[in-house]
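Asks: This is the structure I want to talk about, given as structure tokens.
Just so you know, all these numbers are worked out from the coordinates, no wet-lab data involved. These figures come from a predicted structure and were not determined experimentally. Glycine gets a Cβ as well: all are built from the backbone with ideal geometry, and neighbour counts include every protein chain shown.
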Amino acid sequence: MKSQNENGITRREFFRNTTITGAAIAAGAGGMLLPVSSSSAQQTGITGKTIKEAARETRVCRTADVVVVGGGPGGIGAALAAARSGADTVLIERYEHLGGMGTGGLVTIIPNLSDFSGKQQIAGITQEWIDRLNKREAADYPKKEHWGSDDKKLVAYYQNRSFFNIREQRVIYSVHIDAEISKCILQDMMEEAKVKTYLHAWGTEPIMEGNKARGVIFESKSGRQAVLAKIVIDSTGDGDLLPYAGADFKMDIERTMRIANLSFSYWIDNVDLKKYEDYKASHTKELTDHMREVRKAGGHGGFLASNLKNQEHVVWCFPRYANSSQVDVDELTRVEFKGRKDMLITHDYFKKNIPGFEKSFIVLSNPQLGTRGARRVTGDYVVKEKDMNTDIPFPDTVAVFPDVDRGKNSIKYPVTYMPYRCMIPAKVDNMLVACRAFASEMIVNEYFNLIPHCIALGEAAGVAAAQAIAGNVDLRKIDIKALQATLKKRGVILPG
Amino acid sequence: MNRERQNMRLYVRLGCLLITILLLLPLPFWVYSSRIFVQASPFVTICTILAGGALWLGSILGLLFFIISLFRKRFFCRHVCPVGLILDTVSGIRPSVKPWWKGSPLIGRYIVFLTLAGAIAGYPIFLWMDPLALLNSAFNVYKASNLSSVIISISGMVILLLLSLTSGNLWCACICPLGATQDILDDTASFCRRFIKKPETDAKVKNGYKELLPSTRRVFMAIAAGVGLAILTKKVGHAESRDSLLRPPGAIKEDEFTGLCLRCGNCVRACPSGIIHPDTGSSGVLGFFTPVLRFNKEYCNENCNACTMACPSGALKNLNLEQKKRYVIGIARVDMSLCLWGMSDCNTCIRACPFEAIKITWDEEAYESYPAVDPLKCNGCGACEAYCPTGDIKAIRVWKQIKTN
């Protein structure tokens, strides 16, 4: 027996909707939005607070084995590895280029590839990328024979080039890369591996069947379309698919952390760096005062000179911005606006006051705002602080990260191992999280969410996905030994 | 004196010179070698003891020579002093030089009285004139990183050598406070001996004080001046407020430090990090050539107390490793207008700090985070400053802790 209430909906509907609304409010308090409508909008569809979208048919534009959402470092690793392992792979990227932070974010640095001893720990696709850049002389890094050196002259030399080259007064393998050449190389690599790539395509939500991921919906100039796949890899960086997949995640980041900051990066070109260096040497105090002044005026007081070939007139600025959330569109807009204003203040001041900058100009501000951290999935295994402070690898180790950013602890424990399970979202099937949103405690994410880390995780995820599809087994039940063997064959450095 | 004995003495002196060189060369067999060398000087030993400085193994050697000097006239000069041997040899090059200074007052004695009196008042003014300290300093040449350090370390000996070339044994006979100390001791002793032997009959003894002390008035004035100068310099001669002035760990109060410091360079030499430099003006006129710390390349290692153990005068107190870790050289301060934390992912200072004293702090009002130093944990070791990548002017620097109240 159905009884109607004043709004003309059934009691059952009313209760169901109220429950969903409650859940939505609860979830909203957790800092996310769920794609549900409120009860009062059931009929009209539009209220002050929410709207109810009409159910609709969405065109499936492609069916594949693996769909990778996000073409940043994680997505590149995942898509290439999956395709090379024989999986029919689709890569969806929201910008017009591949590389994410490494290219569009102007974070043109692939740091921390070796440990203090100079032993390279991250290779695989990362090294392939660098090798290809090398062929075009589009990468700069300490010479191999210098990795691990604590020779004071060498340390001073490389420190002067970039402080990413030095950790604990030792030279480490860190690479500064050319953003534009990287974009070209990465798309070549996708084509060669026959990855079906959609640029200008924003993967918005996973297609779920219960707790099983079945594909992804993406928005683009072509409208809203779906890609169906056996396995979905979330390489969005911020774990954008997680709220819609029903996966648990954490978003807490301490204010004082590196990853709590956005970065608004830009380049200044036509700088006479020779003149600047001379000025710096002869007027050290005066330059220091200028740097103080420009910061007081709201600008940014430091930069890295590009050491790439034929870029001796380019400097890089990486100011950071505190924010309340890196997945809040208001905050992202606020920082973009503020960043550009501060950039102008900075350049105006430099141009007027600092010798060498007289004829300089702003050549580029970041096509993508530099993000450092947001969601972290709750995985089958969450990498914890204690896992950084151990020498014992996981049985399912799929990546080894040089541990060089933690001071004395780093010296004690020179590498940190990453288990395969940290990419599997608990409660969700057929999905992997291969980016900085991997399952980790805040403090682990602080140190291990950089570009090479994401590529390495992506590579492992891609191989694992292809292996699961080929063997027709669940992602949780794949043969880890076989996964590790394949990774090693591909040039990934693993223990044992 | 027969020839055989003269030869014997020459061999002894050569032996002492050889021992000196062995003690002062950077040979690893004993870390305290240069400390014991300087303390062998009875002038240094007695002044530092009076000034409340070090009393150590080396002091026994110094006291030993002190006592011997009471019985053997200028024993140290004749049998031990390596500086004397060197200067004798050099002045021997030009034997024709006439001692133009013969008959002039024996300045050395006044220097000794002045310094002894100053020592009692806590500021032994001319302690740095000790020849062993000057020679010791010259051995810093091999540690010198630049020309000015070379000049500073050898300047004392160069002056002595020039004096010897131009004026014969002016230094040894007339100026050297170590020699003068022995003279005073010898005179005192011989006066006492005569007084004990024939107290009544010896006419000389009755007026003996005149022989003993060349001029009572001058000596009295020297002593008064010593005390006066000591008090004066302690009061006004120091820029305590200069908060960029950093002393090595274990340094006593600044107003006593410049007096007790011998400028012997032992701490400079002992420092494995090479951060101790002889000062050239930043600590004022009185602080010339005294040791100051500079953290531009290296820092004061938390597992090292070498300088505190090398100091022969007690200007740096001996600290064991635990005490040294707790000794506050200064406190680090961040200049956020230069710091790269806000510009990129630099956290070099946080990683560098051996005491985990630097933490990122959140400022709600400024809406940004910044590295902040915990003054309770920081001891001013300078690791942050040494490793700060901002260039010639560091964004984080150690400053002397100016005590308020």
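Asks: Past 20 Å, Cα to Cα: identify those pairs from B:K377/B:K400; A:K309/A:K351; A:K274/B:K297; A:K412/B:K377; A:K230/A:K481, in the order given. Provide the component values of the computation, followed by the final result.
Replies: On the way: B:K377/B:K400 15 Å; A:K309/A:K351 24 Å; A:K274/B:K297 24 Å; A:K412/B:K377 22 Å; A:K230/A:K481 22 Å.
The answer is A:K309/A:K351; A:K274/B:K297; A:K412/B:K377; A:K230/A:K481.
Asks: Given the range B:3-236, what count of lysine pairs have C-alpha atoms under 27 Å apart, with each pair 8 or more places apart or on different chains?
Replies: 13
Asks: Sticking with this one: Taking a threshold of 22 Å on the Cα-Cα distance, which of the pairs A:K408/B:K324; A:K196/A:K488; A:K119/A:K153; A:K285/B:K324; B:K253/B:K317 fall above it? Working shown, then result.
Replies: Numbers: A:K408/B:K324 20 Å; A:K196/A:K488 25 Å; A:K119/A:K153 20 Å; A:K285/B:K324 33 Å; B:K253/B:K317 11 Å.
Over 22 Å Cα-Cα: A:K196/A:K488; A:K285/B:K324.
Asks: Moving to a separate point now. Mind listing the long-range amide H neighbours of A:I233? Cut-off is under 5 Å, sequence gap 5 or more, other chains count too, H placed in the peptide plane at 1.01 Å from N.
Replies: Residues meeting the criterion, in which the H sits 1.01 Å from N, are A:V67, A:V68, A:V69, A:L432.
Asks: For helix A:451-471, report the angle its Cα long axis makes with the longest principal axis of the Cα atoms of chain A; keep it between 0 and 90° and round to the nearest 10°.
Replies: Approximately 40 degrees, to the nearest ten.
Asks: In whole angstrom, note down how far apart the Cα centers of the range B:327-362 and the range B:256-324 are.
Replies: One Cα centre to the other: 24 Å.
Asks: If packing is taken as the mean number of other Cβ atoms within 10 Å per residue, what is the order of A:229-237, A:170-178, highest first?
Replies: On the way: A:229-237: 29.8, A:170-178: 24.9.
Averaged packing, sorted descending, gives the order A:229-237, A:170-178.
Asks: Taking 2.2 N^0.38 Å as the expected size of a compact globular protein, what ratio does the Cα radius of gyration of the range A:373-496 give against it, to two decimals?
Replies: Its radius of gyration relative to the 2.2 N^0.38 Å reference: 1.00.
Asks: Any chance you could give the angle, 0 to 90 degrees and rounded to 10, that helix B:82-91 forms with the longest Cα principal axis of chain B?
Replies: 70 degrees
Asks: Treating only the Cα positions of chain A as identical point scatterers, give the base-10 log of I(q)/I(0) from the Debye formula at each q in 0.11, 0.12 Å⁻¹.
Replies: For the requested q values the scattering log ratios are -0.94, -1.10.
Asks: Expected output is a single nm value to one decimal: the length gained when fully extending between B:D88 and B:T280, i.e. 0.36 nm times separation in residues minus the C-alpha distance. What is it? Mind dumping the intermediate values first?
Replies: Working: separation 192, 0.36 × 192 = 69.12 nm, distance 3.09 nm.
So the extension gain works out to 66.0 nm.
Asks: Percent relative contact order of the range B:290-405, based on C-alpha pairs within less than 8 angstrom and at least six residues apart? Display every interim value, and only then the final one.
Replies: Values: 181 pairs, mean separation 39.8, N = 116.
For the range B:290-405, the relative contact order is 34 percent.
Asks: Next question. Please report, in Å, the Rg and the Dmax of the protein assembly as shown, where both are computed over Cα atoms only.
Replies: Gyration radius and largest Cα-Cα distance of the protein assembly as shown: 37.9, 144 Å.
Asks: Turning to a different aspect of this structure: A:K489: which aspartates and glutamates have alpha carbons under 20 Å from its alpha carbon, excluding same-chain residues fewer than 8 sequence positions away?
Replies: Straight-line reach from A:K489, under 20 Å: A:E128, A:D131, A:E192, A:D396, A:E459, A:D479.
Asks: Through the Karplus equation 6.51 cos²θ - 1.76 cosθ + 1.60, θ set to phi - 60°, convert the phi angles of the range A:194-204 into ³J(HN,Hα) values in whole Hz; use x for Gly and Pro.
Replies: 6, 8, 6, 10, 10, 8, 6, 10, 9, x, 9
Asks: I need to check one value: relative contact order of chain B, counting alpha carbon pairs closer than 8 Å and at least 6 residues apart, in percent. If you can, show how the numbers build up before the last one.
Replies: Numbers: 714 pairs, mean separation 64.6, N = 405.
Relative contact order of chain B: 16 percent.
Asks: According to the square roots a ≥ b ≥ c of the eigenvalues of the Cα gyration tensor, what is the shape class of the range B:267-405, taking rounded for a/c under 1.5, prolate for a/b larger than b/c otherwise, and oblate for the remainder?
Replies: Details: a/c = 2.01, a/b = 1.80, b/c = 1.11.
Prolate is the answer for the range B:267-405, as a/c is 1.5 or above and a/b outweighs b/c.
Asks: Considering chain B as a Gaussian network with a 10 Å cut-off on Cα pairs, which listed residue, B:G52, B:G391, B:G62, attains the greatest mean-square fluctuation?
Replies: B:G391
Asks: Count the net charge of all other residues whose Cβ sits under 12 Å from the Cβ of B:N140, scoring Lys and Arg as +1 and Asp and Glu as -1. Walk me through the intermediate numbers first.
Replies: Working: positive: B:K143, B:R263, B:R269; negative: none.
Neighbourhood net charge equals +3.
Asks: Here's a follow-up. Give the range of the longest stretch in chain B that excludes all GluC sites (Glu not before Pro) found in loop regions by DSSP and having at most 15 other beta-carbon atoms within 10 Å. Before the final figure, lay out each step's value.
Replies: Working: sites that count: B:E200, B:E240, B:E302, B:E356, B:E364, B:E365.
Of all site-free stretches, the longest is B:1-199.
Asks: Oh, and also: For the protein assembly as shown, give the share of DSSP beta bridges that are antiparallel, in percent and rounded to the nearest 5; count only bridges with both residues there.
Replies: Values: 57 of 78 bridges.
Antiparallel: roughly 75 percent of the beta bridges in the protein assembly as shown.
Asks: Build a GNM of chain B with springs between Cα atoms under 10 Å: which of B:L70, B:L50, B:L338 gets the top mean-square fluctuation?
Replies: Largest GNM mean-square fluctuation: B:L338.
Asks: While we're here: Provide the per-residue ³J(HN,Hα) series for the range A:323-329, in order, calculated from phi with Karplus coefficients 6.51, -1.76, 1.60 and θ = phi - 60°, each as a whole number of Hz, with x at glycine and proline positions.
Replies: Using θ = phi - 60°, the values come out as 7, 8, 6, 8, 10, 10, 4 Hz.
Asks: While we're here: Using amide H atoms built in the peptide plane, which far-off residues or other-chain residues are under 5 Å from A:E205 H to H?
Replies: Amide H neighbours of A:E205: A:I217.
Asks: Another question, if that's okay. Which whole-number percent is the relative contact order of chain A (Cα, under 8 Å, 6+ apart)? Each step should come with its number before you reach the end.
Replies: Values: 1104 pairs, mean separation 102.9, N = 496.
Rounded, it is 21 percent for chain A.
Asks: Can you tally the net charge around B:P249? Count Lys and Arg as +1, Asp and Glu as -1, for every other residue whose Cβ sits under 11 Å from the Cβ of B:P249. Present the calculation step by step, with values, prior to reporting the outcome.
Replies: Working: positive: B:R247, B:K317, B:K324, B:K325, B:R326; negative: B:E302.
Charge balance near B:P249 sits at +4.
Asks: Quote the FRET efficiency, to the nearest 0.05, computed for B:W399 versus A:V60 with a Förster distance R0 of 51 Å and r equal to the Cβ-Cβ distance.
Replies: Values: r = 67 Å, r/R0 = 1.32.
Given R0 = 51 Å and the Cβ-Cβ separation, E is 0.15.
Asks: To make sure I understand the rule: partners must be aspartates and glutamates, Cα under 17 Å from the Cα of A:K152, and not fewer than 8 residues away in the same chain. Which ones qualify?
Replies: Of all the aspartates and glutamates, those that pass the test against A:K152 - Cα under 17 Å, at least 8 places apart if same chain - are A:E168, B:E298, B:E385, B:D392.
Asks: Another question, then. With Cβ to Cβ distances under 15 Å as the rule, what net charge do the other residues near A:V155 carry (K, R +1; D, E -1)?
Replies: Working: positive: A:K143, A:K152, A:K153, A:R161, A:R167, A:R170, B:K297, B:R351; negative: A:E145, A:D150, A:D151, A:E168, B:E298.
Once positives and negatives cancel, what remains is +3.
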